[in-house]
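See below for the structure under consideration.
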Amino acid sequence: MLKRLDPAQATLRFTFEGEPVAARPGDTVAAALLAAGVGVFRETPVSGAPRAPYCMMGVCFDCLVEIDRVPNRQACLTVVADGMDVRRQHGAREMA
């Protein structure tokens with residue numbers, strides 16, 4: 001499991017799959033989810049295999065999630081906002 005190096009307090013709250021998650025200002029969705037112990041962000045369209053962030057810089061697209069009902073958002077490039085609703089992406093989604 002990943003562990004934060006800086007013990008600063010989380011002041012933002014969002015939900016992932018309906019469960020509350022704490023984040024710090026400036027965290028990306030991926031960083032906050034990994035720090036909270038979430039390992040699977042999406043499933044592949046063909047086999048349904050679980051996927052998690054890989055590159056953390058927007059190149060691999062393995063961190064695609066649905067944020068506030070908008071699919072195909074890269075969790076590693078999206079900064080957390082208070083009250084966001086984040087969901088796992090199951091398979092392929094239409095482009096928004």
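A short reminder: the numbers here are calculations on the coordinates, not readings from a lab. Predicted model, so just to flag it, every value in this text is computed and none were measured. Positions of Cβ are generated from backbone atoms using ideal geometry, with glycine treated the same way; all protein chains shown enter the neighbour counts.
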Report, ordered by the first and then the second residue, all pairs with beta carbons closer than 6 Å, sequence separation of six or more or different chains, a first member in region 54-78 that is in contact (Cβ under 8 Å) with a residue 12 or more places away in the chain, and a second member that is acidic (Asp, Glu) and surrounded by fewer than 20 Cβ atoms within 10 Å (Cβ to Cβ). 68/85
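Here's the yes/no breakdown for (1) of a type in the set (Val, Ile, Thr); (2) more than 11 Å from the chain's Cα centre (by Cα); (3) under 21 Å from residue 2 (Cα atoms):
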| site | (1), (2), (3) |
| --- | --- |
| 29 | yes, no, yes |
| 36 | no, no, yes |
| 48 | no, yes, no |
| 64 | no, no, yes |
| 76 | no, no, yes |
Going through region 1-22 in order, the residues found to be surrounded by fewer than 20 Cβ atoms within 10 Å (Cβ to Cβ) and touching a Leu at 6+ places or on another chain (Cβ under 8 Å) are 2, 22
